[in-house]
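The values are calculated or read from the model by the stated rules, or taken from the named source; none is laboratory data. Worth saying up front: this structure is predicted, and the values here are computed from it rather than measured. Positions of Cβ are backbone-derived with ideal geometry, glycine not excepted, and every protein chain shown enters the neighbour counts. Please note that ligands, DNA and RNA were not included when accessible areas were found on the heavy atoms of the full protein model with its side chains. Shrake-Rupley method; radii C 1.70, N 1.55, O 1.52, S 1.80 Å.
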Amino acid sequence: MSSDLIAFTASLPKAELHVHIEGTLEPELMFALAKRNRIDIPFKTVEAVRAAYQFTRLQDFLDIYYEGAKVLQTEEDFRDLARAYFNRAVADNVRHAEIFFDPQAHTARGVPFGVVMKGLLAAMEGAERAYGLSSKLILCFLRHLDQDDAFATLRDAEPWREKIVAVGLDSSEMGHPPSKFARVFAAAGSMGFKRVAHAGEEGPPEYVREALDLLKVHRLDHGNRSLEDADLTARLARTAMTLTVCPLSNLKLCVVKDLKSHPLPEMLAQGLRATINSDDPAYFGGYINDNYAAMAKASRLDRAAFVMLARNSFLGSFLPEAEVTKYLEVLDAYVARQA
Ligand code: HPA
Ligand code: ZN
């Protein structure tokens, strides 16, 4: 592996399809917002916050992630959070981003749904104006809460229907299978929302099947454990289902032992439409290009594989076909110049 390959992946035009905006909250901004909003946080320094980011499983991370999100109170806070993410994304040659947000983590604390929306939309419009970076919002239901709570959130989203492309499912996977949310996903579908779900990060292949059959997802978030089931893998390949894979997240949450044994190369070998994403970059040690670089270092994936991964990111997006074509042309032109 050479630094050439890393530089090549860094400059590839790409889309990011799996990033939780609350997971982009860097400790510095956490402190600044805590001060601005006069909120106590259980850390004395930025270094102490970073030192606390040692996880052995998803739940360890989630506990600290919801704690951190409490500093987000006003429209300006959400705008500043998303603006900081877009500045990082543009530096990584992200041309389009589809961003998860967790409204229940905020409405449960008394922050109105509209405050979250207005802040995020302001940053999204700013990124489009300043950088030509397009973006879309995906509303995630927290799966550790019950379906009635998700329905209440779907009602909150109704006035914002045109500003949200899809609904998703995140938070504690084990013990909270997709079947728990079948009715609310059906309701969201009839309102015109596309559907995605985290499945097979820690949960078994059965959860992936439920996401496909009961939630009727257009995309699978993570999906790593699908590979344990050959029939399921073949089905995902046949249907060109996009998997939004997050290598550094998998490493930090001990979903994989090390990146050398990460399933991404195997996914591509099996014909799966895999993509590379950052998940919660402020917590997991890197943004999207750090994830590309980590896989370039740890695996035998070559330039063609990384071009395929970038290509998949546009193909798997919820952009209209003409926009996808436009981005693929930009990607092809970039690759042709490197030849
Ligand atoms: N998995 C599940 N839920 C989440 C994650 C994740 O990686 N990040 C934020 N919510
Ligand atoms: Zn995620």
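For the stretch 19-44, residues that are of a type outside the set (Gly, Ala, Ser) and more than 27 Å from Asn289 (Cβ to Cβ) total 10.
Quick grid of which residues meet (1) farther than 18 Å from Arg195 by Cβ; (2) touching a strand residue (DSSP E or B) at 6+ places or on another chain (Cβ under 6 Å):
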| position | (1), (2) |
| --- | --- |
| Glu210 | no, no |
| Arg219 | no, yes |
| Gly223 | no, yes |
| Glu228 | yes, no |
| Thr233 | yes, no |
| Thr239 | no, no |
| Glu266 | yes, no |
| Ser278 | yes, yes |
| Asn291 | yes, yes |
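Is it fair to say Ala52 is within 16 Å of ligand 2 (Cβ to nearest atom) and small (Gly, Ala, Ser)? In short, no. From the list Arg303, Arg219, the lone residue that is closer than 18 Å to Gly168 by Cβ and in contact (Cβ under 8 Å) with a residue 60 or more places away in the chain is Arg219. Hey, does the stretch 95-102 have a residue that's open to solvent by 20 Å² or more (accessible area, probe 1.4 Å) and in contact with a strand residue (DSSP E or B) (Cβ under 8 Å, 6 or more places away or on another chain)? Looking for residues that are open to solvent by 20 Å² or more (accessible area, probe 1.4 Å) and in contact with a strand residue (DSSP E or B) (Cβ under 8 Å, 6 or more places away or on another chain), one finds at least one in the stretch 95-102, hence yes.
Filter the stretch 186-207 for residues that are open to solvent by less than 10 Å² (accessible area, probe 1.4 Å) and either more than 17 Å from the chain's Cα centre (by Cα) or away from ligand 2 (no atom under 15 Å from the Cβ) (or both) and give the result. Listed by number, the residues that qualify are Ala188, Phe193, Gly203. Restricting attention to the stretch 310-339, the residues that are under 21 Å from Phe100 (Cα atoms), in contact (Cβ under 8 Å) with a residue 60 or more places away in the chain and in a helix (DSSP H, G or I) add up to 6. Screening the stretch 255-284 for residues that are hydroxyl-bearing (Ser, Thr, Tyr) and within 16 Å of ligand 2 (Cβ to nearest atom) and picking the one that is farthest from Leu315 (Cα to Cα) gives Tyr283.
Scanning the stretch 172-218 for residues that are among the hydroxyl-bearing types (Ser, Thr, Tyr) and within 13 Å of ligand 1 (Cβ to nearest atom) returns Ser172, Tyr207. Entry remark, the stretch 280-293: residues being touching a Gly at 6+ places or on another chain (Cβ under 7 Å) and either surrounded by fewer than 22 Cβ atoms within 10 Å (Cβ to Cβ) or of a type in the set (A, V, I, L, M) (or both) number 1 in total. Restricting attention to the stretch 133-164 and to residues that are open to solvent by 30 Å² or more (accessible area, probe 1.4 Å) and in contact with a strand residue (DSSP E or B) (Cβ under 8 Å, 6 or more places away or on another chain), the residue that is nearest to ligand 2 (Cβ to nearest atom) turns out to be Lys136.
Taken over the stretch 90-105, the residue count meeting the criterion of being away from ligand 2 (no atom under 16 Å from the Cβ) and part of a helix (DSSP H, G or I) is 2. The residue of the stretch 83-94 that is most open to solvent (accessible area, probe 1.4 Å), among those that are within 13 Å of Ile288 (Cα to Cα) and among the aliphatic types (A, V, I, L, M), is Ala91.
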